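The structure appears right after this line, and notes come after that.
The values are calculated or read from the model by the stated rules, or taken from the named source; none is laboratory data. Nothing here was measured: the structure is a model prediction, and the numbers come from that model. Positions of Cβ are backbone-derived with ideal geometry, glycine not excepted, and every protein chain shown enters the neighbour counts. Side chains are part of the model used for accessible areas, which takes the heavy atoms of the whole protein and leaves out ligands, DNA and RNA. Shrake-Rupley method; radii C 1.70, N 1.55, O 1.52, S 1.80 Å.
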Amino acid sequence: MFNGVYRCWRIFGTGLSFLAVGIGGVFVFPVLNVIIREPQRRKVLARNLIRLTFRGIARSMCAFGVFQYETTGLRRLERRGLLILANHPTLIDIVFLMAFVPQADCIVKAGLWRNPFTRATVRAAGYIRNDDDGMRVIDDCVASVRDGGNLIIFPEGTRTTAGGAIKLKRGAAHIAVRAKCNVTPVLIRCAPPMLVKGNRWWRLPSKRVRSRFEVRDDIDVQGVVGGADSKALAARRLTDHLQEFFKKETERHGFA
């Protein structure tokens, strides 16, 4: 009986955290969009507010017993103009990363720009809209990094299926090659798996989840792609290198 009550309590905590995001999108960020007309100032303020909110969500989910987390290497994120690539085992990976990364930028689905609960938030923060124009998205990503934004990308393009292998797409590599920047890799572990692709948010594990976020040393992109005859070939080489890196490191350290 106690386990059942405890699980309901954790589900309540998870739902409350998602509700907080929706409330901000409906009541806070629409006001921000109205009272602050200068886009750059509004973007900086919105991203700072999102960072604080997501930190609060992470701490509240810990308080509700949904999970515990530990981090290593966070100082590596206290820079500007980073291209941060991470594996993507759970739905809330982006919440944690944006809680730790100053002035975080990200690519969001076009549908979130139409969703009444999120459109004001993504507009205020100036996030990159992922539509059918792939080259425009890459151009916006390159501009974000060059302007000093810290761009977070999950190079798989979606969450890893439970027990599935990591398979990277080339978009992130194209951004790194064109922006001429190194890659800051983040390895995320979640055990037992929680909020994985294909599972409803309320289907939590029977016990508290342990998560780990490990920020590794930068990957020297030029050292990987040097000598490539074209940007396309360079992106292919970098994708292969990143694929091997994430595959090897997640298997070696038991990351989900």
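Values for this structure:
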quantity: Sulfur and carbon atoms: percent of accessible area, the chain [1.4 Å]; calculated: 55 percent
quantity: Size of charge dipole - the stretch 20-68 - debye, nearest 20, with Cβ of Lys, Arg +1 and Asp, Glu -1, no other charges; calculated: 200 debye
quantity: DSSP beta bridges in the chain [antiparallel fraction, %, rounded to 5]; calculated: 25 percent
quantity: Estimated FRET transfer efficiency when R0 is 30 angstrom, pair PHE117-CYS62 (beta carbons, to 0.05); calculated: 0.80
quantity: Calculated [θ] (222 nm, deg cm²/dmol) that DSSP helices of n ≥ 4 give over the chain, each run adding -39,500 (n - 2.57); calculated: -15000 deg cm²/dmol
quantity: Inter-label distance for ASP131 and LEU233, nm, one decimal - labels placed 7 Å from Cα along Cα-to-Cβ; calculated: 3.5 nm
quantity: Extension gain, SER206 back to ASP139 (0.36 nm per residue minus Cα-Cα distance, nm); calculated: 19.7 nm
quantity: Relative packing of 34-41, 67-74, 130-137, which averages over residues the other C-beta atoms within 10 Å, highest first; calculated: 67-74, 130-137, 34-41
quantity: Straight-distance crosslink candidates among aspartates and glutamates, where the alpha carbon sits under 17 Å from LYS197 and sequence neighbours closer than 8 are dropped; calculated: ASP93, GLU156
quantity: Charge dipole of the stretch 66-183 about the Cα centre (unit charges at C-beta), most positive-ward option of LEU83, GLY126, LEU97; calculated: LEU83
quantity: Per residue, in Å², the accessible surface of the chain once ligands and nucleic acids are set aside, probe 1.4 Å; calculated: 51 Å²
quantity: Distance between modelled label sites at LEU19 and GLU78, nm, 7 Å Cα→Cβ extension; calculated: 3.6 nm
quantity: Dipole in debye (nearest 20) - the stretch 146-256, about Cα centre, beta carbon charges: Lys, Arg +1; Asp, Glu -1; calculated: 620 debye
quantity: Cα gyration tensor category, rounded, prolate or oblate, for the chain with a/c compared to 1.5; calculated: oblate
quantity: Which listed pairs, of LYS167/LYS231; LYS167/LYS247; LYS109/LYS180; LYS169/LYS231; LYS207/LYS247; LYS109/LYS169, have C-alpha distances above 19 Å, in listed order; calculated: LYS167/LYS231; LYS109/LYS180; LYS207/LYS247
quantity: Given charges at beta-carbon only (K, R positive; D, E negative), |dipole| of the chain in Debye; calculated: 660 debye
quantity: Ordering of 182-191, 204-213 by packing [mean C-beta count within 10 Å, highest first]; calculated: 182-191, 204-213
